[in-house]
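As structure tokens, the structure follows; a few thoughts come after it.
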Amino acid sequence: MNSFGRLFRISIFGESHGKSVGISIDGCPSGISLCAEDFLPDLSRRKSGAAGTTPRVEKDLPIILSGVFNNKTTGAPLTIIFENQNTKSNDYLNLYDTPRPGHADFVAARKFKGFADYTGGGHFSGRITLGLVAAGVVAKKIIGDIRINSEIKELGGRTDFEQVVQEAVNNHDSIGGIIEVKATGLPIGLGEPFFDSVEAVISHLIFSIPAIKAIEFGSGFAAAKMKGSEHNDNFIAKDGKTETNNAAGINGGITNGNDIVFRIAVKPTSSIGKVQHTMNMNTNEMTDLEVVGRHDACIALRVPVVAEAVTAIALADLSLIYKGIHK
Ligand SMILES: Cc1cc2nc3c(=O)[nH]c(=O)nc-3n(C[C@H](O)[C@H](O)[C@H](O)COP(=O)(O)O)c2cc1C
């Protein structure tokens with residue numbers, strides 16, 4: 001459904017052109033300092049406006065509806081919403097009948113029997129990731145000394161980012177990208193051996209970000225071509241530090257004290273200004289579609305802060321589980 005987490009439990013809601021989008025967090029410990037301003041730095045990193053991102057610019061001001069009293073979390077469910085103020089729903093009228101190839105229009109129409117809000121992508125919009133970023137801000141306060149950073153490694157398979165983005169915009173096309181996320185300052189012991197391995201929990205949340213196609217931890221797919229003598233991370237200190245980090249800081253699903261490192265692949269935006277083939281679900285005929293409206297030509301430009309946020313959410317949940325069981 002639309003909730004995730006064992007102790008730090010998030011429920012996500014909203015539609016792109018509805019009244020608001022947001023997140024509700026249950027299981028947030030009490031006494032954490034929190035006010036609306038705390039969210040602004042990360043929210044501004046997710047904002048559009050730069051070349052290759054959607055011209056739809058929203059204020060994205062967080063409204064804390066519940067769970068905070070005198071600037072401290074109360075321990076009751078914490079709900080944060082963001083109003084949608086800049087919507088142009090008419091741009092989406094034709095998508096009710098003619099779904100965008102590569103987007104969720106077709107599956108949403110079929111699964112929800114024509115009742116899904118399709119304007120602006122509805123509940124499938126990248127705008128819903130605002131709630132993830134907000135929960136990430138709270139999660140970062142729970143994980144203490146753990147620091148999470150991300151870096152765009154490639155866009156459209158290249159490293160001349162401005163140029164490759166501009167080419168996509170000029171060609172009315174879109175591009176994907178690769179983002180690397182690193183978490184440092186980890187304790188030994190977060191994560192469980194099987195279903196709640198660190199890789200599983202992070203991956204589960206990473207794939208909640210729309211448009212993610214792949215994730216690889218440490219050596220990733222290259223591990224299949226390496227020998228054990230190359231792949232093993234030799235210990236260099238009794239605190240468990242290793243010479244290399246092919247394991248990405250995780251053995252047996254559990255953090256080993258080295259950095260968690262993973263890379264994710266973001267697909268090229270499906271809404272492009274080129275003619276594509278689709279169907280008319282009303283007449284049952286095949287037809288052409290030219291997508292209008294405001295879209296990100298390169299979603300990967302906006303994903304780094306979202307990827308950091310979901311990593312923080314995963315580590316916050318695993319930290320609370322660790323404290324609950326082992327301390
Ligand atoms: C930050 C962000 C912004 C996005 N912007 C757009 C967009 O402008 N146009 C679009 O078609 N898809 C956009 N997407 C991707 C769609 O939400 C996504 O492709 C769609 O929900 C289908 O999901 P899937 O790609 O995971 O299959 C964006 C995703 C994110 C994370």
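The values are calculated or read from the model by the stated rules, or taken from the named source; none is laboratory data. Note that the structure is predicted; figures quoted are calculated from it, not measured. Here the Cβ is made from the backbone with ideal geometry for all residues, glycine too, and neighbour counts use every protein chain on show.
For segment 238-255, the criterion of being outside any helix (DSSP H, G or I), under 22 Å from the mean Cα position of the chain (by Cα) and within 30 Å of A50 (Cα to Cα) is met by none of the residues. The combined condition, being surrounded by 15 or more Cβ atoms within 10 Å (Cβ to Cβ) and in a loop (DSSP other than H, G, I, E, B), is not fulfilled by N282.
Taking every residue in segment 90-113 that is modelled with pLDDT of 85 or more and of a type in the set (A, V, I, L, M, F, W, C) and pairing it with any residue that is assigned to a helix (DSSP H, G or I) and within 11 Å of the ligand (Cβ to nearest atom), at least 6 positions away or on another chain, the pairs with Cβ-Cβ distances below 6 Å are A104/F124.
Identify the residue in segment 85-97 that is within 14 Å of the ligand (Cβ to nearest atom) and part of a loop (DSSP other than H, G, I, E, B) and, among all such residues, is farthest from M279 (Cα to Cα). If we take residues in segment 85-97 being within 14 Å of the ligand (Cβ to nearest atom) and part of a loop (DSSP other than H, G, I, E, B), then N86 is farthest from M279 (Cα to Cα). Taken over segment 263-279, the residue count meeting the criterion of being near the ligand (Cβ under 8 Å from one of its atoms), of a type outside the set (V, I, T) and either part of a strand (DSSP E or B) or at pLDDT below 95 (or both) is 0. Conditions: (1) surrounded by fewer than 20 Cβ atoms within 10 Å (Cβ to Cβ); (2) within 15 Å of the ligand (Cβ to nearest atom). G122 meets all but one. Number of the miss? For G122, the failing item is (1). I'm trying to understand the selection: among the residues of segment 281-327, which are within 12 Å of the ligand (Cβ to nearest atom), small (G, A, S) and modelled with pLDDT under 95? Matches in segment 281-327: G293 only. Output the residues belonging to segment 200-238 that are away from the ligand (no atom under 16 Å from the Cβ), touching a residue at least 24 places away in the same chain (Cβ under 8 Å) and not hydroxyl-bearing (S, T, Y). Residues satisfying the conditions are A200, V201, I202, E216, F217, G218, G220, D233.
Checking the structure you have, find out if any residue of segment 56-63 is within 13 Å of the ligand (Cβ to nearest atom), loosely packed, with under 15 Cβ neighbours inside 10 Å and either part of a strand (DSSP E or B) or aliphatic (A, V, I, L, M) (or both).
yes
Just to be sure I understand, how many residues within segment 87-112 are among the small types (G, A, S) and either surrounded by 19 or more Cβ atoms within 10 Å (Cβ to Cβ) or touching a helix residue (DSSP H, G or I) at 6+ places or on another chain (Cβ under 7 Å) (or both)?
Of the residues in that region, 3 qualify.
Consider R46 carefully, then state whether it is within 11 Å of the ligand (Cβ to nearest atom) and more than 21 Å from D173 (Cα to Cα). The answer is yes for R46. Counting only helices (runs of 4 or more DSSP H) that sit completely within segment 123-227, those holding 1 or more residues that are within 21 Å of the chain's Cα centre (by Cα) and within 30 Å of S66 (Cα to Cα) correspond to 129-142, 198-206.
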